[in-house]
Amino acid sequence: MMSDKTQENLYTAFVGEAKAHHRLLAFARKAENEGYEQVAKLFRAVASAEGVHAERHLRLLGEAAVRSTEENLQYSFEQETTVNEMYYPAFIQEAEEEEETAAVVTFKQARDVEERHAALYKRALNAMLREETHDYYVCQVCGYIAEREPADECPVCGARREKFRPVTCA
């Protein structure tokens, strides 16, 4: 059995590596937009490495360990539901009390999108049994996921269809 301190350190390392992964992907997009393709490539490479580190730490933790796809879908559904029903309402209330309007908007949109994610996981469980396939498109403004084809306007944030990006297999 792993000591409490090592487990705490692994969790801290996991969170740090996961944050670095996403931060570096954002840096890569910025470098690419500014025309620095080589720098963008470096940021993406390091982001990939940080993702490897995060996944290794996660496996050691056993928290949300990668199990069967069916178990992973069920776990993900439960996590999205918890975030949607417990965390975001509190975040929204506190931001409203502090009159942080921009935070309220992003928290509300994220809450609404998390609810959609939970529904997608449930449908995926059913579709898995039927071996059904279709495409997904992610709104780059709020994170809403459209199945098959994006609408002309995002139902959560109102972004235009052009703001949706197709999800490709890595």
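The table below gives the values:
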| read-out | value |
| --- | --- |
| Any chance CYS154 is within 15 Å of the chain's Cα centre (by Cα) and open to solvent by less than 90 Å² (accessible area, probe 1.4 Å) | no |
| Among the candidates ALA40, ALA45, ALA54, ALA31, residue that is assigned to a helix (DSSP H, G or I), touching an Asp or Glu at 6+ places or on another chain (Cβ under 7 Å), open to solvent by less than 70 Å² (accessible area, probe 1.4 Å) and over 30 Å from MET2 (Cα atoms) | ALA40 |
| The lone exception for ARG165 - which of (1) part of a helix (DSSP H, G or I); (2) open to solvent by 40 Å² or more (accessible area, probe 1.4 Å) it fails | (1) |
| The range 49-101, subset touching a residue at least 40 places away in the same chain (Cβ under 8 Å) and acidic (Asp, Glu), residue farthest from GLU131 (Cα to Cα) | GLU63 |
| Total residues in the range 139-151, condition among the β-branched types (Val, Ile, Thr) and open to solvent by less than 40 Å² (accessible area, probe 1.4 Å) | 1 |
| Qualifying positions in the range 57-85 - in contact with an Asp or Glu (Cβ under 6 Å, 6 or more places away or on another chain) and within 23 Å of GLU17 (Cβ to Cβ) | GLU80, VAL83 |
| Close pairs (6 angstrom Cβ cut-off, 6 or more residues apart or separate chains): without any contact (Cβ under 8 Å) to a residue 60 or more places away in the chain in the range 1-16, open to solvent by 80 Å² or more (accessible area, probe 1.4 Å) anywhere | LEU10/LEU60 |
| Residues located in the range 112-130, provided they are closer than 12 Å to ASN84 by Cα, of a type in the set (A, V, I, L, M) and open to solvent by 30 Å² or more (accessible area, probe 1.4 Å) | ALA119 |
| Inter-residue pairs, beta-carbon under 7 Å, first within 22 Å of GLU17 (Cα to Cα) and in the range 29-44, second at pLDDT 90 or above and basic (Lys, Arg), 6+ apart | none |
| Qualifying position, being assigned to a helix (DSSP H, G or I), among the acidic types (Asp, Glu), open to solvent by 90 Å² or more (accessible area, probe 1.4 Å) and in contact with a helix residue (DSSP H, G or I) (Cβ under 8 Å, 6 or more places away or on another chain), among GLU85, GLU94, GLU70, GLU80 | GLU70 |
| Test: GLN79 is within 13 Å of the chain's Cα centre (by Cα) and modelled with pLDDT under 90 | yes |
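The values are calculated or read from the model by the stated rules, or taken from the named source; none is laboratory data. The structure displayed is predicted, hence computed values, not measured ones. Neighbour counts run over all protein chains shown; Cβ positions are idealised from the backbone, glycine included. Note: areas computed on protein heavy atoms with side chains; ligands, DNA, RNA excluded. Shrake-Rupley method; radii C 1.70, N 1.55, O 1.52, S 1.80 Å.
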